[in-house]
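Got a structure for you, written out below as structure tokens; questions coming shortly.
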Amino acid sequence: MIDKSEMNELRERVEDLLDEQIRDWELVRTNIYALANLKTRNLYIRDFPVILQFNPERIRSSAAKTDAASLQARPCFFCHRPEEQYGIDYNDAFDILVNPYPISGGHLTIPLKWHEDQQILPYYEDMLCLAHDLQDYAVFYNGPKCGASAPDHMHFQAMERGNLPIEVNYKKASKGIVWEGRNTVLYVLYDFMASAFLLISSDLREADYAFKQLYAQLEIKEGDSEPMMNVVTWKDEDAWKDEDNWISCIFPRKELRPSCFYAEGDANILISPATVEMAGFFITSLEKDFDKVTSEDLETILREVSISEEEKNEIVRKMIQSSPRK
């Protein structure tokens, strides 16, 4: 992690990068300017406000083919970048890039410098450091079978704070403590939009340890390299003990896509949930979906891709048993 003066310098460099990419890269310029005219709707899931955005350019992500054959047939777009795309070095392991297909004006992609499969366990501490050093941003992770359009190359993404409803919604959710350390508490969220766990900590090492304890309780399906999950992390001074805390919301998953994604005719809805959807920001790349989707549709989508209540409760039981303060 870096100190406050270095954080200010990094913030200025990111702002300059955004300005320079808008100036030098027509694709970025076109898509960022188009954000001002995108249509949005405000809906609710169980009294929690969510956002629906119509963003045609995001069809590349929502409909991306991520099976092994498709990945082998195309070059990695992090290793083989357009010549117009340049970025900022971060801790000698990651590059900070502007996402050319943004959801918001300050949408970043943060890939590993070397080619390695998408995996959160070795890099969760890096995620915490990114959230600390880029405190104007929420940093998020799409698992290799949970919305990552490049599951063959480890990367995070980041959006400017204030865009994701989860930043407010987590405070209104009913919570139960399942693991507690000296400076860290892990909650389960009840009656929430989706099955979720909330990690709040002021200690980098202990937060990483608690996350790994939760990770160890999640199922790894046959043929997969890690448990299915989405993660979003940011810093918040008001969350716990009046300290500067990391907030991580972890969404265990059981499916890549809901049944409506594969349905035919009027039942078809082309929404493929990644972290932003799990966090309450739903993207539709087809206008017919934007016009017809209801709150009930969105609740069904999250329920179908999330782990069941029974599975969540079993994880809770195991986490309580492992807690140092049980």
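The values are calculated or read from the model by the stated rules, or taken from the named source; none is laboratory data. Note that the structure is a prediction, hence the values are computed from the model and not measured. We place every Cβ from the backbone using ideal geometry, glycine too, and count neighbours over all the protein chains shown. What goes into the accessible areas is simple: the full protein's heavy atoms, side chains included, and nothing from ligands, DNA or RNA. Shrake-Rupley method; radii C 1.70, N 1.55, O 1.52, S 1.80 Å.
Can you give me the relative contact order of the chain as a percent, contacts being Cα pairs under 8 Å and 6 or more apart?
With pairs under 8 Å counted, the relative contact order is 20 percent.
Right, here's the next one. When the Karplus curve 6.51 cos²θ - 1.76 cosθ + 1.60 is applied with θ = phi - 60°, which whole-Hz ³J(HN,Hα) does each residue of segment 248-260 get, with x for Gly and Pro?
10, 10, 10, 10, x, 10, 10, 9, 6, 9, x, 4, 5
Only residues of segment 84-115 count here: report those whose backbone N is under 16 Å from the spot 7 Å along Cα→Cβ of Leu27, or say none.
The answer is 84-87, 97-103, 107-111.
If you don't mind, another one. Could you give me the ³J(HN,Hα) list for segment 157-174, computed from phi with Karplus coefficients 6.51, -1.76, 1.60 and θ = phi - 60°, whole Hz, x at Gly and Pro?
The phi angles translate into 10, 8, 10, 4, 4, x, 8, 9, x, 4, 4, 9, 4, 5, 5, 8, 7, 6 Hz.
For Asp89, Asp224, Asp117, Asp289, write out the residues from largest to smallest accessible area, computed with a 1.4 angstrom probe and no ligands counted.
Sorted by accessible area, descending: Asp117, Asp89, Asp224, Asp289.
Now for a separate question. Any idea of the accessible area per residue across segment 177-226, 1.4 Å probe, to the nearest Å²?
Details: 2060 Å² over 50 residues.
Per-residue accessible area for segment 177-226 comes out at 41 Å².
How high is the relative contact order of segment 181-326? Use alpha-carbon pairs under 8 Å, at least six apart in sequence, and give a whole percent. Write out the running numbers ahead of the final one.
Numbers: 210 pairs, mean separation 35.4, N = 146.
Contact order relative to length: 24 percent.
Next question, about the same structure. Roughly how big is the chain's charge dipole about its Cα centre, with Cβ charges of +1 (Lys, Arg) and -1 (Asp, Glu), in debye to the nearest 20?
So the magnitude is around 860 debye.
So how strong a dipole does segment 154-299 carry about its Cα centre when Lys and Arg Cβ are +1 and Asp and Glu Cβ are -1, to the nearest 20 debye?
Charge dipole of segment 154-299: 300 debye, to the nearest 20.
Still on this model: Can you give me the orientation-averaged projected area of the convex hull built on the Cα atoms of the chain, in nm²?
Details: hull surface 64.9 nm².
Average projection, Cα convex hull of the chain: 16.2 nm².
Which FRET efficiency, nearest 0.05, do Arg81 and Asp117 yield, Cβ-Cβ r, R0 30 Å?
About 0.95, to the nearest 0.05.
Test of understanding: what is the full-extension gain from Glu160 to Glu15, defined as 0.36 nm times their sequence separation minus their Cα-Cα distance?
Using 0.36 nm per residue and subtracting the Cα-Cα distance, I get 51.1 nm.
Shifting gears a bit: ³J(HN,Hα) across segment 262-274 via Karplus (A = 6.51, B = -1.76, C = 1.60, θ = phi - 60°), whole Hz, x for Gly/Pro?
Result, rounded to whole Hz: 9, 5, 10, x, 5, 6, 6, 9, 8, 10, 10, x, 10.
Under 4.7 Å Cβ to Cβ, no partner at all: give me those cysteines from the chain, in residue order.
That list is Cys129, Cys146, Cys249, Cys260.
For the chain, give the percent of accessible area contributed by carbon and sulfur heavy atoms, probe 1.4 Å, rounded to a whole number.
Carbon and sulfur: 46 percent of the exposed surface of the chain.
Using the Cβ atoms and a cut-off under 13 Å, what net charge is assigned to the surroundings of Phe192, where Lys and Arg are +1 and Asp and Glu are -1?
Value of the local net charge: +2.
Given H placed 1.01 Å from N in the peptide plane, which residues other than close sequence neighbours of Ala150 have an amide H under 5 Å from its amide H?
Here nothing satisfies the definition.
Further, regarding this structure: Once Lys and Arg get +1 and Asp and Glu get -1 on their Cβ, which of Tyr187, Ile247, Pro258 lies farthest toward the positive end of the dipole of segment 177-262?
Sorting the options by dipole projection puts first Pro258.
Moving on. With Cβ to Cβ distances under 15 Å as the rule, what net charge do the other residues near Ala279 carry (K, R +1; D, E -1)?
Value of the local net charge: 0.
Run the helix sum for the chain: -39,500 (n - 2.57) per DSSP H stretch of 4+ residues, divided by residue count, reported at 222 nm to the nearest 500 deg cm²/dmol.
-9500 deg cm²/dmol
Sort Asp16, Asp236, Asp297 from largest to smallest accessible area, using a 1.4 Å probe on the heavy atoms of the protein chains.
Asp16, Asp297, Asp236
Something else now. Please compute the net charge surrounding Asp133, taking Lys and Arg as +1 and Asp and Glu as -1 over other residues with Cβ under 12 Å from its Cβ.
Residues close to Asp133 contribute a combined charge of -1.
Among Lys113/Lys221; Lys4/Lys235; Lys39/Lys171; Lys113/Lys145; Lys171/Lys235, which pairs are too far apart, with a Cα-Cα distance over 19 Å?
Lys113/Lys221; Lys39/Lys171; Lys113/Lys145
Just need the relative contact order of segment 163-259 here, percent rounded to a whole number, with Cα pairs under 8 Å and 6+ apart.
Worked out over segment 163-259, it gives 23 percent.
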